[in-house]
Amino acid sequence: MRVMAWLRPLALAAALVALGMLILSGPLVRFDIWSYRTGLTVFRWSAYAGIAAALLAVVALVWPSVRARGVALPVIALVLGVVSLYPPVAFLKQARAVPPINDITTDTENPPRYMTTTRAYPGAEFASSARPIRTSCRSNCRCRCETLLRGRSRRRRRWAGKWSGATPPPA
């Protein structure tokens, strides 16, 4: 079985990838290499890669012909897979133990009353006055503030983000 010869190194490679994803997810967000959403996604996928590495290591330890070649690589892969799985699982456990962010108040002496009735909509005039228009967005900005507020097309939005102050291209 030629495929089983690659199982031990594959398990170790998956474990090292999972550990690398886990280690790099925080600092690359901190140094503004990528956004926090990307960092959290990589953090979450490091758990999935850790699970895959641990499963590959367990298969390598259970399979007799692979185990006969040595157990050091699968055991190391299993340990690294479990190590890279622990922080995302602990993070998830802690996140589920606290209330959601919209259920927190800063006024603990007189907290706001929970409202179950719907309020009447104050009108479009109020809504337009409450929304700030940001003109400093970059072309790769994800907030799409100008797009949502002014109803621009996708082509015009990209153009407006790159060259502000000039006349727009023809539609």
What about Pro74, is it surrounded by 15 or more Cβ atoms within 10 Å (Cβ to Cβ) and under 25 Å from the mean Cα position of the chain (by Cα)?
no
Is there any pair with a first residue in the stretch 105-116 that is among the polar types (S, T, N, Q) and a second that is in a loop (DSSP other than H, G, I, E, B) and at pLDDT 70 or above whose Cβ atoms are under 9 Å apart and which are 6 or more apart or on different chains, and what are they?
Thr105/Pro111; Thr105/Pro112
Filter the helices (runs of 4 or more DSSP H) completely within the stretch 1-75 down to those with at least 2 residues that are in contact (Cβ under 8 Å) with a residue 24 or more places away in the chain and in contact with a Pro (Cβ under 8 Å, 6 or more places away or on another chain).
7-30, 36-62
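The values are calculated or read from the model by the stated rules, or taken from the named source; none is laboratory data. As the structure is a prediction and not an experimental result, all values here were calculated from the model. Every residue, glycine as well, gets a Cβ built from its backbone with ideal geometry; the counts of neighbours run over all protein chains shown.
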